[in-house]
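Notes follow once the structure below has been shown.
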Amino acid sequence: MTGIRPNFDPTHLYFVTTSAVGYVHLFQRDVIKRILVDSLHYMRVNHWISLFCFVIMPNHIHFIARFQEAWPVKAVVREFKKHTSKQIIRQYQAEENRAVLQFLEAALALSAGRAVLSSSQGYQPSYMRRDGAMSIFTYHLIEALTGHARPAAGATEVLVSDVMSHVWRRVPASARQDWGEDQQPDYQISGNFPVALLVGGQGLGKGIAPPNPVQPLASASPAVSQIMYGAGVQVASDQTVHGDLIVGGDKIGVRDL
């Protein structure tokens, strides 16, 4: 996270994503998932974070948390990654899995990519939509992740640069339209990498419109396994995210409707 300076506020919620080195599916096995879950549990019971939810995917993990003054976002993510990486390596050493250990050694030299996105500048609140369905920032973030950012024709992935540029443009316009107030997202990027798949990696076909963030999605029944340990964990296998994406939480501005 060197050089990354998100606007930190202990009253905000933060959405954090971090991925496995080389973007390989290291987190599929239960023994590896347990390492990640135990680390989150440790941070929660020792009051580093207030953990609201998390999800473990085959090659990345998301969690939403509130961070403490003594343990800001950067420090927690650094310690989480340092501890879990050591434990995962020790696991493969105990198994004498030389193939994986050699791969990790080579992949560590090549990994790159960091992004931080906050809903507003540090001195600004984040406003709700007029309909109260969600915050303006969340609405446009979901828009970007589901194809409204309009990636290049034929693209099957949404890049972090697509998300940043869409949110940067749309949030201020909506805040001015709904409330006559300023709300400007803040972001920093190192590298460029995919953060979402369009329609499960199929992309948006010609004439197909992206989904509306305030409308319910069509029902589906993907194969999902679950572990319960302090908070919900869902493990699926239909997404790929590269690098780290940290999204600063919304601090809601109170206005009369």
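The values are calculated or read from the model by the stated rules, or taken from the named source; none is laboratory data. Keep in mind that what you see is a predicted model, and the values were worked out from it rather than measured. No Cβ is skipped: glycine too gets one built from the backbone with ideal geometry, and neighbour counts run over all protein chains shown.
May I ask you to say which residue of Asp244, Asp182 is among the acidic types (Asp, Glu), closer than 28 Å to Pro125 by Cβ and modelled with pLDDT of 85 or more?
Answer to the selection: Asp182.
Restricting attention to region 49-67, does a residue exist that is more than 18 Å from the chain's Cα centre (by Cα) and either modelled with pLDDT under 95 or surrounded by fewer than 15 Cβ atoms within 10 Å (Cβ to Cβ) (or both)?
No, that holds for no residue.
Here's a check for you: in region 68-80, which residue that is outside any loop (DSSP other than H, G, I, E, B) and touching a residue at least 40 places away in the same chain (Cβ under 8 Å) is surrounded by the most Cβ atoms within 10 Å (Cβ to Cβ)? It would help to see each step written out before you state the result.
So the first thing to find is which residues in region 68-80 are outside any loop (DSSP other than H, G, I, E, B), and the list is 73-80.
Within this subset, residues satisfying the condition of being touching a residue at least 40 places away in the same chain (Cβ under 8 Å) are 73-74, 77-78, 80.
Values: Val73: 25, Lys74: 17, Val77: 20, Arg78: 12, Phe80: 21.
Once the filter is applied, the top-ranked residue is Val73.
Return the only residue of Leu40, Leu26 being outside any helix (DSSP H, G or I), aliphatic (A, V, I, L, M) and over 15 Å from the mean Cα position of the chain (by Cα).
Matching residue, one of Leu40, Leu26: Leu26.
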